[in-house]
Structures are given as structure tokens and as C-alpha cells.
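S.K.: Structure below; questions to follow.
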Amino acid sequence: MVTRQVPNPVELLELMKFKKPELNGKKRRLDSALTIYDLRDIAKRRTPKAAFDYTDGAAEGELSLSRARQAFEDVEFHPGILKPAPTVDTSVEILGGPSALPFGIAPTGFTRLMQTEGETAGAGAAAAAGIPFTLSTLGTTSIEGVKAANPEGRNWFQLYVMRDREISYELTRRAAAAGFDTLQFTVDTPVAGARLRDKRNGFSIPPQLTLGTIINAIPRPWWWFDFLTTPKLEFASLSTTGGTVGELLDAAMDPTISYDDLAVIRDLWPGKIVIKGVQNVEDSVRLRDAGVDGIVLSNHGGRQLDRAPIPFRLLPHVRKAVGDDFTVMVDTGIMNGADIVASVALGADFTLIGRAYLYGLMAGGRQGVDRTIEILRTEIERTMRLLGVSTLAELEPKHVTQLARLVPVAADATGALAR
């Protein structure tokens with residue numbers, strides 16, 4: 001028999017706790033984002049379609065990107081029980097220096113087109129979080145501007161080899177003079193990938209005002225206000241603009257780059273050098289033997305060769321081939337701190353985030369990038385605690401199983417498909 005009573009007003013008041021309203025719209029918007037995908041949704045609402053699709057899209061059918069993200073989702077963790085981890089240490093030593101977290105910000109081109117604060121927001125957020133920031137050759141903030149935004153932190157520079165080699169050489173010298181400590185020599189862009197969203201949107205640098213862009217801008221006036229009332233976009237390496245991103249890249253990049261170019265850059269650069277865009281075991285071993293300081297397993301976020309190898313799938317094979325003493329980093333597809341934990345467990349020394357950073361930037365400028373980093377930090381720490389590990393060094397392959405979805409078809413010695 002249930003005993004009932006007249007509600008006690010005092011007890012009712014104890015249950016009625018009203019949350020103080022947040023009057024700052026940006027903070028309210030960002031606080032509501034609990035995942036990187038939430039930031040992506042906000043970014044999509046606030047950014048013109050052409051600029052958002054440039055960030056969000058990939059090459060051709062976008063299979064490389066979707067497969068990379070799926071590979072991270074196809075992970076099974078194996079936690080240890082009765083292994084308390086009340087505190088966790090997420091710090092790591094990478095390329096001769098510290099990082100408070102096992103990820104840094106990847107190089108992204110044309111960043112101020114996403115949101116007007118651009119690389120300044122990324123570098124400032126990286127400085128506050130104690131992680132490296134990477135400036136792209138195609139960045140929209142100067143080398144010196146990034147140094148000013150992150151004067152005491154770790155700045156890295158990503159280098160393309162241009163048709164006019166002297167442009168690349170001068171950028172290398174400027175980055176070294178500004179105290180950047182690591183160079184990411186990128187090798188997966190001899191020509192631009194077929195980024196079909198950009199072509200369908202008629203996306204160009206700088207953006208062109210058409211009837212379509214004007215209609216799309218109506219619900220997003222803040223983006224156009226920022227674009228039209230802030231300094232003109234300037235690029236570190238492009239002396240002329242006016243065309244699609246693919247056209248600009250094809251005009252600037254040199255498809256003949258080789259190990260000879262690597263040797264020249266190696267002589268020019270006084271700091272650490274890593275090769276970005278490695279996509280097989282053989283090249284990983286050859287680069288280790290060539291004396292570089294590390295590699296980034298990457299298919300350029302799926303923006304170059306569609307159906308390219310999945311870096312996360314490649315990771316354990318490369319680690320086994322190059323040994324434990326060679327720096328291996330990974331990017332492409334990271335959308336959760338658990339993706340980063342899984343990468344470290346399977347042998348990555350470090351990871352890089354690109355789109356995840358840009359979604360935060362588009363969602364709320366510098367504060368949005370801070371929110372990206374905080375979301376990933378929280379997910380990393382929670383995953384480590386649930387696995388029962390207190391430090392990144394405790395993560396091992398035994399903590400992760402990569403579940404099979406795309407399984408290579410076996411062939412016999414003649415090349416015929418096995419039956």
C-alpha cells in the first residue's frame with residue numbers, strides 16, 4: 001500500500017533548482033556542444049555553404065574520408081579492471097619538445113575564409129593548451145603573425161615545394177628565423193585532388209559574389225560582415241588569386257618533387273623535419289633510413305587521392321616495420337579523443353587534428369577552437385580512466401582491436417583472385 005501525503009512546499013523548493021541563464025550567445029552556443037560533431041553542426045549553420053563545404057569535403061566520392069572515420073568507429077577497447085586511474089597524465093614528448101596533449105593542430109590552408117580570426121585563433125588556442133600549432137604554406141596569416149600569436153609555444157611549419165623553388169626556400173628560411181622548431185615537408189600533393197564540392201559550389205579564392213552566394217549569405221550576415229570589414233586575405237605563397245582552389249594548387253605545385261628536393265630542404269632547415277603524406281610501409285622505412293626525424297601517416301584528410309590507404313589501419317604495420325625509436329604521427333578522420341587514444345595504443349607518438357579544429361573555429365572563433373581542444377581533452381582523459389591507464393606510455397596494442405569491415409581480397413601467386 002502506497003502512503004501518500006500533501007506535497008510539502010519546502011521540499012518542492014528543494015527540487016526546483018533553476019539554472020542561471022547564460023546571456024552571452026557565443027558561450028551558450030559553444031557550451032551546448034558536447035562533441036566535435038556538435039561543433040560541426042553549429043559551423044554548418046553559421047558558415048556559407050561554399051566555405052563550409054571546402055572544409056568539410058574531400059576528393060571525388062569522399063570515400064577516403066568516410067573510410068578513415070569509419071575505421072576509428074570500428075574499434076573495440078579492452079579495459080583493465082581494478083586498475084584505478086584517478087588522475088591521468090596526457091602529456092607527451094614529441095620531436096624534442098613537450099606537448100600537454102597527444103595531439104596538435106594540423107596545417108590548414110585558406111583558414112581565414114572559414115572564420116576571420118583564422119590561424120591567429122588556432123595558434124592562440126594551441127598556446128593556451130600547451131600543444132603545437134602548424135601553419136600551412138597556404139595559410140592566411142604570416143609566419144611572423146603566427147609567432148606573435150604564439151610567442152612562447154611550439155610552432156611548426158608545413159611546406160609545399162612550389163614550381164618556383166625559391167618561394168619554398170624563402171618560406172623555410174623565414175620559419176626558421178621566427179623560431180619554428182619543426183618542418184612538415186608535405187609530399188602527397190603533386191597535383192590537386194578533385195574536390196567536387198568546390199566545383200559544384202563554384203568556390204573560388206577570393207569568394208565571388210553571385211546570386212547563389214548572396215542568397216546563401218542572407219541567414220549568415222556575420223560571416224560576410226567579418227569578411228568585408230577585416231583586412232584583405234593574403235597568402236604566404238600565392239602572389240595571384242582568382243580561381244578554384246584546385247586551379248590555384250595546380251598552378252603553384254610541382255609534380256616533379258623528389259628526394260633531391262628533400263635533400264635541399266634538409267640542408268636549409270635547422271630543426272626537426274617530418275614527412276607528411278606517407279601512405280605505405282616501404283616509404284616509411286626508406287624515409288627512416290634517409291635520416292628524417294619522423295613521418296605523418298596521412299592521406300591529406302581524404303582530399304587528394306580518393307580510395308587512398310587509411311592511415312589508422314596502416315599505423316600498426318608501419319610501427320612494426322620502423323621500430324620503436326622512430327617518430328610516427330597520424331592524421332585523417334580524428335573526431336573524438338577516443339580516436340587519439342586508440343592511435344597511441346597502436347603505436348602513434350602523436351596525432352594531428354584538422355577539420356575538428358576548423359569546425360570549432362567556424363562555430364565560434366578562438367573560443368570555438370578552445371572548445372574543440374577541451375572536448376578532445378575530456379574524451380582522452382575519460383577513455384584513459386575507463387581503460388585503467390594513468391599515462392599514455394601505458395597504452396598498448398592489447399587495449400585495442402581494429403574490427404574488420406574492409407578486408408582485402410586474397411590473390412594467389414599468379415595474381416588471380418583466390419576462390
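S.K.: Tell me which aspartates and glutamates have Cα within less than 16 Å of K19's Cα, excluding those fewer than 8 residues away on the same chain?
M.R.: Leaving aside aspartates and glutamates fewer than 8 places away in the same chain, those within reach of K19 are D31.
S.K.: Could you sort the peptides 338-347, 31-40 by per-residue average Cβ neighbour count (10 Å cutoff), highest mean leading?
M.R.: Packing order, densest peptide first, comes out as 338-347, 31-40.
S.K.: For every helix of n ≥ 4 consecutive DSSP H residues, a contribution of -39,500 (n - 2.57) applies; sum these over the chain, divide by its total residues, and give [θ] at 222 nm rounded to the nearest 500 deg cm²/dmol.
M.R.: It lands at -13000 deg cm²/dmol.
S.K.: Mind putting a number on the dipole of segment 245-348 about its Cα centre? Charges go on the C-beta only, +1 for Lys and Arg and -1 for Asp and Glu, and I need it in Debye to the nearest 20.
M.R.: Using Cβ point charges on Lys, Arg, Asp and Glu, segment 245-348 gives about 400 debye.
S.K.: Which residues in segment 48-80 have a backbone N closer than 15 Å to a point placed 7 Å from the Cα of I215 along the Cα-to-Cβ line?
M.R.: 49-50
S.K.: A217: net charge of surrounding residues, Cβ under 15 Å, Lys/Arg +1, Asp/Glu -1, itself excluded?
M.R.: +3
S.K.: Measuring from label point to label point, each 7 Å out along Cα→Cβ, what is the V2 to K27 span in nm?
M.R.: 4.2 nm
S.K.: How about K199: which lysines have a C-alpha closer than 16 Å to its C-alpha, ignoring those fewer than 8 places off in the same chain?
M.R.: Qualifying lysines at Cα under 16 Å: K49.
S.K.: Report in % the part of the accessible area of the chain that belongs to carbon and sulfur, leaving out ligands and nucleic acids; probe 1.4 Å.
M.R.: Carbon plus sulfur share of accessible area: 56 percent.
S.K.: Continuing with this model, one more query. Treating the beta-carbon of each Lys and Arg as +1 and of each Asp and Glu as -1, no other charges, what is the dipole magnitude of the chain about its Cα centre, to the nearest 20 debye?
M.R.: Value, rounded to 20: 1440 debye.
S.K.: Which of the listed residues, P21, L196, L361, is farthest toward the dipole's positive end in the chain, when Lys, Arg count +1 and Asp, Glu count -1 at the beta-carbon?
M.R.: Of P21, L196, L361, it is P21.
S.K.: A further question on this structure: Sorted by average packing, counted as other Cβ atoms within 10 angstrom per residue and highest first, what order do 50-62, 107-119 take?
M.R.: Top of the packing list down: 107-119, 50-62.
S.K.: Oh, and also: Going by average Cβ neighbours within 10 Å, how do the peptides 390-403, 1-14, 258-271 rank, with the highest at the top?
M.R.: Ranking, from highest mean packing down: 390-403, 258-271, 1-14.
S.K.: I'd like to check one number: the per residue accessible area of the chain, probe 1.4 Å, reported in Å² as a whole number.
M.R.: 47 Å²
S.K.: Which pairs break 25 Å Cα to Cα here: K83/K398; K276/K320; K232/K272; K44/K272?
M.R.: K232/K272; K44/K272
S.K.: Along the charge dipole of the chain, Cβ charges K/R +1 and D/E -1, which of A51, L392, V281 sits furthest on the positive end?
M.R.: Most positive-ward Cα: A51.
S.K.: What Kirkwood radius, in Å to one decimal, follows from the Cα pairs of the chain?
M.R.: 22.7 Å is the Kirkwood radius here.
The values are calculated or read from the model by the stated rules, or taken from the named source; none is laboratory data. Source: prediction; values computed, not measured. Cβ: placed from backbone, ideal geometry, glycine included. Neighbour counts: every protein chain shown. Each accessible area value is taken on the protein alone, full model and side chains, heavy atoms only, with ligands, DNA and RNA left out. Shrake-Rupley method; radii C 1.70, N 1.55, O 1.52, S 1.80 Å.
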